[in-house]
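The values are calculated or read from the model by the stated rules, or taken from the named source; none is laboratory data. Keep in mind it's a predicted model, so treat the numbers as computed, not measured. Cβ coordinates were reconstructed from backbone atoms using ideal geometry, including for glycine residues, and neighbour counts include every protein chain displayed.
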Amino acid sequence: MRVISVTNLKGGSAKSTTAFNLAGALTELNYKVLAIDLDPQQTLSLSYLGVGQPSVPLSAVLMEDISPANTIVRTKYANLFAIPADQKLKAIKDGQVHIDGGELRLRSCLRKASQSNNVVLSEFFDWVIIDCPPSLDRLTMNALVAADLVLIPVDPGAGGRTALADTVKYIAAAQKWYNPTLRIVGLLINNINTNTVYDQTTERAVRDIYREKVFRTVIPSSVRIREATELQTPAVYCEGSEYRRYAEVYRQFCQEFLFRVGVNGGKT
Ligand SMILES: Nc1ncnc2c1ncn2[C@@H]1O[C@H](COP(=O)(O)OP(=O)(O)O)[C@@H](O)[C@H]1O
Ligand SMILES: [Mg+2]
């Protein structure tokens with residue numbers, strides 16, 4: 001089991017879209033994936049995956065000593081499971097409630113689940129993808145402490161680059177104080193229109209600073225990618241020739257991701 005945190009301070013930088021489509025692409029390769037929605041806005045779980053609430057909400061698992069196994073729900077894809085977000089996560093995010101274990105809480109929940117009743121999380125799941133809220137808060141720190149890898153979707157515009165610098169600083173703090181083995185797997189440039197000079201320039205600006213950290217694959221701006229989330233269907237599973245190009249882009253990104261983490265191809 002490897003844990004990926006999808007993190008960027010900026011809202012609208014395609015974190016949830018990336019988490020959703022990477023989860024889809026990994027399940028297409030036969031991996032078992034657990035998508036955790038850590039954003040109280042519930043975009044990934046409610047809007048994109050379209051899953052309902054589990055018997056025990058995630059916030060309760062973080063606040064009380066309950067196994068996270070109770071928070072896992074199925075999705076319409078056999079290999080894709082989810083831990084939905086709930087609105088009470090906001091109180092944790094804003095520091096209004098105390099949680100035992102603080103920044104280490106999610107990490108310990110995921111590890112502890114390994115020993116709980118019949119669910120051996122680390123044996124069952126190949127990948128855990130955590131979708132972070134759009135801020136550098138306690139929930140995001142919990143994700144960075146729980147993760148092996150951090151994936152940063154990037155909006156390459158000027159505001160996006162400032163947010164990116166702050167995000168990278170926050171990740172460095174997580175590495176320094178809590179999780180020295182956390183690795184930035186890469187920056188994924190999203191939502192760009194490669195035909196415009198403005199977007200070409202902003203892409204170059206990100207590549208000039210972050211160099212080989214930036215994935216070669218870029219995710220183009222397209223209404224089809226928006227539609228896929230409306231359909232609650234990752235691009236790789238969308239039917240219709242109009243989606244083919246975007247399915248291929250996400251497959252290519254997934255291959256590049258797997259190559260970077262030293263895994264070739266899929267699971268047989
Ligand atoms: N490649 C893309 N092309 C067009 N729209 C996109 C693309 N990626 C994301 N979006 C849209 O941008 C908005 C923000 O994306 P989202 O993934 O929810 O961002 P975040 O989770 O970082 O706040 C959504 O409306 C989403 O549909
Ligand atoms: Mg989001």
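Determine which member of the set V168, V185 is under 28 Å from E28 (Cβ atoms) and either under 20 Å from the mean Cα position of the chain (by Cα) or modelled with pLDDT of 95 or more (or both).
Working: V168 fails: under 28 Å from E28 (Cβ atoms).
Going through V168, V185 in turn, just one is under 28 Å from E28 (Cβ atoms) and either under 20 Å from the mean Cα position of the chain (by Cα) or modelled with pLDDT of 95 or more (or both): V185.
Are there any pairs with C-beta distances below 9 angstrom linking a residue in the range 217-244 that is closer than 17 Å to A35 by Cβ and more than 16 Å from ligand 2 (Cβ to nearest atom) to a residue that is among the aromatic types (F, W, Y) and part of a loop (DSSP other than H, G, I, E, B), with the two at least 6 apart or on different chains, and if so which?
Y237/Y77
Just give me the residues in the range 7-18 being touching a strand residue (DSSP E or B) at 6+ places or on another chain (Cβ under 8 Å) and more than 8 Å from ligand 1 (Cβ to nearest atom), in sequence order. Don't jump to the end; show me each part of the working.
Initially, the range 7-18 is screened for residues touching a strand residue (DSSP E or B) at 6+ places or on another chain (Cβ under 8 Å), giving 7-8, 13-18.
Correct list: T7 only.
For every residue, the table says whether it meets (1) within 29 Å of A165 (Cα to Cα); (2) over 18 Å from the mean Cα position of the chain (by Cα); (3) of a type in the set (D, E); (4) in a helix (DSSP H, G or I).
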position	(1), (2), (3), (4)
V206	yes, yes, no, yes
I209	yes, yes, no, yes
Q232	no, no, no, no
F257	yes, no, no, yes
G266	no, yes, no, no
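Given (1) within 13 Å of ligand 1 (Cβ to nearest atom); (2) in a strand (DSSP E or B), identify the lone condition not met by E227.
Of (1) within 13 Å of ligand 1 (Cβ to nearest atom); (2) in a strand (DSSP E or B), only one is false for E227: (2).
Here are P57, P133, P84, P156: which of them is touching a strand residue (DSSP E or B) at 6+ places or on another chain (Cβ under 6 Å) and at pLDDT 90 or above?
Numbers: P57 fails: touching a strand residue (DSSP E or B) at 6+ places or on another chain (Cβ under 6 Å); P133 fails: touching a strand residue (DSSP E or B) at 6+ places or on another chain (Cβ under 6 Å); P156 fails: at pLDDT 90 or above.
Only one candidate qualifies: P84.
Being in contact (Cβ under 8 Å) with a residue 40 or more places away in the chain and under 23 Å from V97 (Cα atoms) is the filter; apply it to the range 46-71 and report the residue that is surrounded by the fewest Cβ atoms within 10 Å (Cβ to Cβ).
Taking the range 46-71 first, the residues in contact (Cβ under 8 Å) with a residue 40 or more places away in the chain are 47-50, 61-62, 67-69.
Next, from what is left, pick out any that are under 23 Å from V97 (Cα atoms): 61-62, 67-69.
Values: V61: 22, L62: 24, S67: 17, P68: 22, A69: 20.
By that ranking, first place goes to S67.
Taking T27 as meeting all but one of (1) modelled with pLDDT of 95 or more; (2) touching a helix residue (DSSP H, G or I) at 6+ places or on another chain (Cβ under 6 Å); (3) away from ligand 1 (no atom under 16 Å from the Cβ), write down the number of the exception.
So T27 meets the others, but not (2).
Tell me which helices (runs of 4 or more DSSP H) are completely within the range 25-143 and hold 1 or more residues being acidic (D, E), or say none if there are none.
Values: elements: 58-63, 89-93, 105-112, 121-124.
Here the list reads 121-124.
When you go through (1) of a type in the set (A, V, I, L, M); (2) more than 16 Å from ligand 2 (Cβ to nearest atom); (3) buried (at least 18 other Cβ atoms within 10 Å of the Cβ); (4) closer than 14 Å to L110 by Cα one by one for A25, which number turns out not to apply?
If we test A25 against (1) of a type in the set (A, V, I, L, M); (2) more than 16 Å from ligand 2 (Cβ to nearest atom); (3) buried (at least 18 other Cβ atoms within 10 Å of the Cβ); (4) closer than 14 Å to L110 by Cα, just (4) comes out false.
When you check R251 against the structure, is it among the charged types (D, E, K, R), within 19 Å of I4 (Cβ to Cβ) and under 20 Å from the mean Cα position of the chain (by Cα), yes or no?
Values: among the charged types (D, E, K, R): yes; within 19 Å of I4 (Cβ to Cβ): yes; under 20 Å from the mean Cα position of the chain (by Cα): yes.
Yes, satisfied.
Kindly provide the set of residues from the range 201-222 that are away from ligand 1 (no atom under 13 Å from the Cβ) and polar (S, T, N, Q), ordered by number.
T201, T202, listed by residue number.
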